[in-house]
Amino acid sequence: MTCKSLLAAGLAGLYLLPLAAPANDEGTPPPESPHSFSANVGAVGNYVWRGLTQTDNGPALQGGLDYSHASGLYAGTWASNVDFGEDSPSFELDLYLGYSGSFLEDLEYDLNVMYYAYPDGDDSDFAEAAGNLTYKWFTLGLAYTFYGENEDGLYDQGDWYFQGDFEYAELPFDLILGLHLGYTDFKNGRIDDLPNADYWDYGASLGKELGEFGTVSINYAQNNGDPDSDMGFDNDPMFWLGWLKEF
């Protein structure tokens with residue numbers, strides 16, 4: 001379950017320059033292509049998504065491919081190894097399609113749908129529709145699960161996720177600070193007589209771009225879920241290092 005934060009999970013896109021076309025007879029440069037492509041590869045000491053480890057607190061290798069159009073339309077795919085315990089899927093493959101733009105100079109929006117696939121898992125896939133609104137350093141977002149294979153369980157149709165994020169890139173030494181707060185509201189959060197599985201998650205990251213080497217970060221995340229719920233939450237704080245390279 002991919003985390004969309006650049007610093008926390010290593011998923012971001014830096015669009016490549018379009019292939020150059022020859023100039024016309026008058027020497028006037030040709031118009032820029034509206035299409036652009038990018039790729040990214042990363043490594044993290046722990047793959048954490050919405051305050052939950054996806055790799056049993058182990059490392060992950062991750063990578064993605066992205067396409068964007070000058071109109072704001074974009075699409076992509078992203079993959080990572082996962083480990084949820086015995087007989088669990090071994091990798092995750094995400095597919096997404098979205099549209100982004102701006103209302104004003106500092107007020108931006110992003111609408112997207114994402115399909116979370118676990119090809120070697122059973123009844124694990126689900127899909128979300130999401131929207132984000134960003135003003136300068138602040139982002140508010142929500143996601144709704146409109147499809148889920150885990151019928152009458154967690155990550156099924158009807159789940160909601162609410163989040164708020166802060167990212168500031170004007171610190172000394174060109175450091176990038178990220179703060180996150182999120183809340184998961186499961187449609188089927190209360191199963192049998194177990195405590196409700198709904199929970200808050202929160203985290204922080206500090207990163208730095210190192211030119212051709214990419215971006216490195218140190219990250220923290222935690223959740224307040226009930227350990228006795230169907231999720232079996234681990235409330236211990238998690239700290240890990242991340243690296244991301246964009247092409």
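The values are calculated or read from the model by the stated rules, or taken from the named source; none is laboratory data. It should be emphasised that the depicted structure is a prediction, and the values quoted were computed from it without experimental measurement. Every residue, glycine among them, receives a Cβ derived from its backbone with ideal geometry; neighbour counts consider all protein chains shown.
Which of the following residues is modelled with pLDDT under 50, in contact with a strand residue (DSSP E or B) (Cβ under 9 Å, 6 or more places away or on another chain) and surrounded by 15 or more Cβ atoms within 10 Å (Cβ to Cβ): Ala39, Ala8, Ala60, Ala43?
Ala8
Given (1) modelled with pLDDT under 65; (2) crowded, with 18+ Cβ neighbours inside 10 Å, identify the lone condition not met by Leu14.
The failed condition is (2).
To keep it simple, each residue is scored yes or no on (1) part of a strand (DSSP E or B); (2) over 16 Å from the mean Cα position of the chain (by Cα).
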| site | (1), (2) |
| --- | --- |
| Leu194 | no, yes |
| Ala204 | yes, no |
| Lys208 | yes, yes |
| Ser217 | yes, no |
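When region 135-171 is examined, which residues are found to be surrounded by 19 or more Cβ atoms within 10 Å (Cβ to Cβ), under 15 Å from the mean Cα position of the chain (by Cα) and among the aliphatic types (A, V, I, L, M)?
Ala143 - this is the single residue of region 135-171 that is surrounded by 19 or more Cβ atoms within 10 Å (Cβ to Cβ), under 15 Å from the mean Cα position of the chain (by Cα) and among the aliphatic types (A, V, I, L, M).
Can you tell me how many residues within region 120-134 are surrounded by 17 or more Cβ atoms within 10 Å (Cβ to Cβ), of a type outside the set (Gly, Ala, Ser) and not in a strand (DSSP E or B)?
Number satisfying all stated conditions: 1.
Can you pull out every residue in region 94-127 that is within 17 Å of Val82 (Cβ to Cβ), charged (D, E, K, R) and within 14 Å of the chain's Cα centre (by Cα)?
Within region 94-127, Asp94 is the sole residue that qualifies.
Could you grab me the full set of residues in region 135-149 that are closer than 16 Å to Lys187 by Cβ and part of a loop (DSSP other than H, G, I, E, B)?
Within region 135-149, Glu149 is the sole residue that qualifies.
Which members of region 76-102 meet the condition of being touching a strand residue (DSSP E or B) at 6+ places or on another chain (Cβ under 7 Å) and surrounded by fewer than 16 Cβ atoms within 10 Å (Cβ to Cβ)?
Answer for region 76-102, where residues must be touching a strand residue (DSSP E or B) at 6+ places or on another chain (Cβ under 7 Å) and surrounded by fewer than 16 Cβ atoms within 10 Å (Cβ to Cβ): Thr77, Ser90, Leu95, Leu97, Tyr99, Gly101, Ser102.
Give region 17-36 a look and list any residue that's modelled with pLDDT of 80 or more and hydroxyl-bearing (Ser, Thr, Tyr), or say none.
Ser33, Ser36
Take the residues in region 137-163 that are hydroxyl-bearing (Ser, Thr, Tyr) and within 14 Å of Asp198 (Cβ to Cβ); name whichever of them is modelled with the lowest pLDDT.
Filtering region 137-163 for residues that are hydroxyl-bearing (Ser, Thr, Tyr) and within 14 Å of Asp198 (Cβ to Cβ), the one modelled with the lowest pLDDT comes out as Tyr155.
Pick from Leu181, Leu194: which is in contact with a Gly (Cβ under 8 Å, 6 or more places away or on another chain) and surrounded by fewer than 18 Cβ atoms within 10 Å (Cβ to Cβ)?
Answer to the check: Leu181.
Among the residues of region 216-226, is any under 12 Å from Val48 (Cα atoms) and hydrophobic (A, V, I, L, M, F, W, C)?
Looking through region 216-226, at least one residue is under 12 Å from Val48 (Cα atoms) and hydrophobic (A, V, I, L, M, F, W, C).
If you go through region 197-247, how many residues are aliphatic (A, V, I, L, M) and surrounded by fewer than 15 Cβ atoms within 10 Å (Cβ to Cβ)?
Result for region 197-247: 2.
Do any residues in region 210-237 that are under 18 Å from Ala43 (Cβ atoms) and without any contact (Cβ under 8 Å) to a residue 12 or more places away in the chain have Cβ atoms under 8 Å from those of residues that are of a type outside the set (Gly, Ala, Ser) and surrounded by fewer than 18 Cβ atoms within 10 Å (Cβ to Cβ), where the two are at least six apart or on different chains, and which pairs are they?
Listed pairs, sorted by first residue: Leu210/Val216.
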